[in-house]
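Working notes, structure below.
Read-outs: derived from the displayed coordinates by stated rules, not from any lab. All of these numbers come straight from a predicted model, not from anything done at the bench. Note that we place each Cβ from the backbone using ideal geometry, even for glycine, and neighbour counts take in every protein chain shown.
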Amino acid sequence: MSPLTPQQVRHILEAGNRTPMLVVGDVMLDCFLTGSVARISPEAPVPVLKLERESYMPGGAANVARNLTALGAPTLLCAPVGKDRESVRLRRLLKAERVDCRGLFSIADRTTSVKTRVATKQQQIVRIDQERVQNLDSQEERTLLEKIRESLARVKGVVVGDYGKGTITDSLLTALKTECRKRQLWLGMDPKPIHRLDLSGLSLLTPNRKEVFELAGLDDRTRNDNPLADDQLCKSVKRLRRRLDPDVLLVTLGELGMLLSQRGKPTVHVPTGSREVFDVSGAGDTAIASFMLAVSTGTNPLEAAVFANRAAGLVIKKRGTSIVTEKEMLDSFLHSR
């Protein structure tokens, strides 16, 4: 039985409309080339795709932002982009989804990351990444911090979208921790183990299974459909809790739901009712966006985890980098009772 009633979900969504959020991090453009395959190329043993559809969506931290606005939260995005046509397309897409882009700033020699997925209706064939990892220099980091500080007075929560492209540095993260602690704001981050950062002192960490093992420095040798009986997984969670001590550690487990670990409380498994997975692209973005929105409205972490788990369960049933709307969330709780 879900601890969330439709009335509580309606309250979260209504409160979310009055809960401005800030997203900071690496933004990118997701391109989807979709078609059908009827033959193998005579030039090489590869499928020939007959292109039927080309579409673009905001990706990375920009996808976190669009997930928040889809749930009704006024959202400001702070991030560097290139001075290129990809950034123009990205701004246009974000504005169409009601994301406040005043925090975006262009850097002449920076490349806006593009991830192109080539797929049939049944499966993805290949992904092509057009990007160049570029750390911000000191002046660029100061510009980003100025934009962040200008925004903090009017937001209720901050989400860091780190995808290892150079926007998030230790010094930037340290400044964010200090500013959010001063203002008693929730600060959440989906960590990327490949990018070595000081992750201690955050309100929320949302690694997936692979990431929690990498961050804990353990091998994923066991797997159990009951995450609470998965010894290695639970050991990884305990090790991260000791090492980083976030207020909340929320491990996303795809079709198995989530593990919620709070300081001083037993770990809880939040199962998902969905076993149908079409595409996990962006599911982590949906999870952190929906949890952060719920908890920033004053919802307790367990109820926020149930809310986020439902949102992630809905988005993995869709193809592409998708979002979940307010109506879809409310309908899902109405129809599950």
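For the options Lys327, Lys121, Lys235, a Gaussian network treatment of the chain with springs between C-alpha atoms closer than 10 Å singles out Lys121 as fluctuating the most.
Computed on the chain, with alpha-carbon pairs under 8 angstrom and 6+ residues apart, the relative contact order is 18 percent. Across segment 14-28, the residues whose backbone nitrogen lies under 19 Å from the label position 7 Å along the beta-carbon direction of Leu152 are 20-26. Using θ = phi - 60° in the Karplus curve 6.51 cos²θ - 1.76 cosθ + 1.60, the 3J(HN,Hα) couplings for segment 116-129 round to 9, 9, 9, 8, 8, 5, 9, 7, 7, 8, 7, 10, 10, 9 Hz; x is entered for Gly and Pro. Build a GNM of the chain with springs between Cα atoms under 10 Å apart, and of Val295, Val37, Val114 the one that fluctuates most is Val37. Residue separation of Ala108 and Asp231 scaled by 0.36 nm, minus their Cα-Cα distance, works out to 39.3 nm of gained length. Picking from Thr75, Ile12, Ser290, whose Cα lies most toward the positive end of the charge dipole for the chain (charges on Cβ: Lys, Arg +1; Asp, Glu -1)? Farthest along the dipole direction, towards plus: Ile12. Tell me whether segment 53-152 comes out rounded, prolate or oblate; compute the Cα gyration tensor, take square roots of the eigenvalues as a ≥ b ≥ c, and use a/c under 1.5 as the rounded threshold. Verdict is oblate for segment 53-152. Placing +1 on the Cβ of every Lys and Arg and -1 on the Cβ of every Asp and Glu, with nothing else charged, gives the chain a dipole about its Cα centre of roughly 420 debye. Of the cross-linked pairs Lys265/Lys317; Lys210/Lys317; Lys50/Lys165, those separated by over 23 Å at the C-alpha level are Lys265/Lys317; Lys50/Lys165. Between Asp198 and Arg53, the FRET efficiency estimated from the beta carbon spacing at R0 = 56 angstrom works out to 0.85. Phi-derived couplings, Karplus 6.51 cos²θ - 1.76 cosθ + 1.60 at θ = phi - 60°, listed residue by residue for segment 243-260: 6, 10, 6, x, 4, 9, 10, 10, 8, 8, 10, x, 5, 8, x, 9, 10, 10 Hz, with x used for Gly and Pro.
Gain on full extension, evaluated as 0.36 nm per residue between Lys95 and Glu43 minus their Cα-Cα distance, stands at 14.5 nm. For the chain, the gyration tensor built on C-alpha atoms gives a rounded shape. Its axis ratio a/c (a ≥ b ≥ c) stays under 1.5. Sorted fewest first by neighbouring Cβ atoms within 10 angstrom, Glu326, Glu43 come out as Glu43, Glu326.
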